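The values are calculated or read from the model by the stated rules, or taken from the named source; none is laboratory data. For clarity, every value in this text was computed on a predicted model and none was experimentally measured. Here the Cβ is made from the backbone with ideal geometry for all residues, glycine too, and neighbour counts use every protein chain on show.
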């Protein structure tokens, strides 16, 4: 059990670091050559249709980043509305393949096929995780919610007549105390109820994604100034308003799903989602500034915030790992107590009128050692439970 809990913890920890750092990978486009408009694939010169490789890499990475982040959300979203997350994944995959096969006559067929295939793969992986009991949150982490049938079957008369040894009774009291602390934690977590308005807002936010994604196509070309509901729009340094809205929509379509993901997340590592939210927000703010370059200044501006998030994650992960160690120790105590109860009931033959002495001193000494260790750990549990 200890190995299983540790494995789950490290999986979550690695996932949190990936979410934290994933937006930074977007800036890899700066390393591509802006003097070339093609790249080689197996000695084949592929023309992508963009002005240069840097713009192509920017477009490619922004779609790939959206697919990765929404896939993380999909696999870590326990509610049924998770399937609406597949909507942005479908459109991002479709756009990604269209760019790769820009010069092919079958690019539309390839893009739709690839998008559908991606959705089917994600659904298959999710079905496998559910079948194997790997869905989030892991059921095995709540093993302390179910009381042992053996403990429930202990007759109060046996306990009151001191048939059980003193050390065993002390250990059972200790176990019950840890149970109460863990039950408090369970009650605290069980109070996290998602309001219906949040589900509604999440579904609406994902359903309007296609309209935000393709909304720029409704704006006429070469339009340099217009007014919408009294708000004057201008290109803000772009060629026309159509280009400005297209560029802005790329960022908004990334920001909205990540905000919805954070609002719906209950995992201990959910603060890692602040990283993409902060970077995307800085990028949107940068669009409205008078900079000659976009998506460059936002990196240096967001680094301090990402560093703070990393420190917070490390602190929370340390507390989480302490709790997992105590849960693992608790499970070992339960197992040892069950074995000792079976041994004592065999020795006593359920004779309630006499006090029997436990003959297996080795198990008792082992239990005493466990007891002393747990007593030292309980103080730590109380500090953050």
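Can you confirm whether residue 325 is in contact with a helix residue (DSSP H, G or I) (Cβ under 8 Å, 6 or more places away or on another chain), modelled with pLDDT of 80 or more, assigned to a helix (DSSP H, G or I) and over 19 Å from residue 58 (Cβ atoms)?
Numbers: in contact with a helix residue (DSSP H, G or I) (Cβ under 8 Å, 6 or more places away or on another chain): yes; modelled with pLDDT of 80 or more: no; assigned to a helix (DSSP H, G or I): yes; over 19 Å from residue 58 (Cβ atoms): yes.
Judged against the criteria, residue 325 is not a match.
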> Out of the range 29-44, which residues are surrounded by fewer than 12 Cβ atoms within 10 Å (Cβ to Cβ) and under 14 Å from residue 60 (Cβ atoms)?
Replying inline: 31, 41
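Can you report the number of residues in the range 98-120 which are assigned to a helix (DSSP H, G or I) and over 30 Å from residue 264 (Cα atoms)?
Qualifying residue count, the range 98-120: 9.
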>> If I ask for residues that are part of a helix (DSSP H, G or I) and surrounded by 18 or more Cβ atoms within 10 Å (Cβ to Cβ), which ones from the range 260-276 would you list?
In response: 260, 261, 264, 270, 271, 272, 273, 274, 275, 276
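Looking at 112, 97, can you tell me which residue is over 24 Å from the mean Cα position of the chain (by Cα), surrounded by 18 or more Cβ atoms within 10 Å (Cβ to Cβ) and either touching a residue at least 12 places away in the same chain (Cβ under 8 Å) or closer than 30 Å to residue 284 by Cβ (or both)?
97
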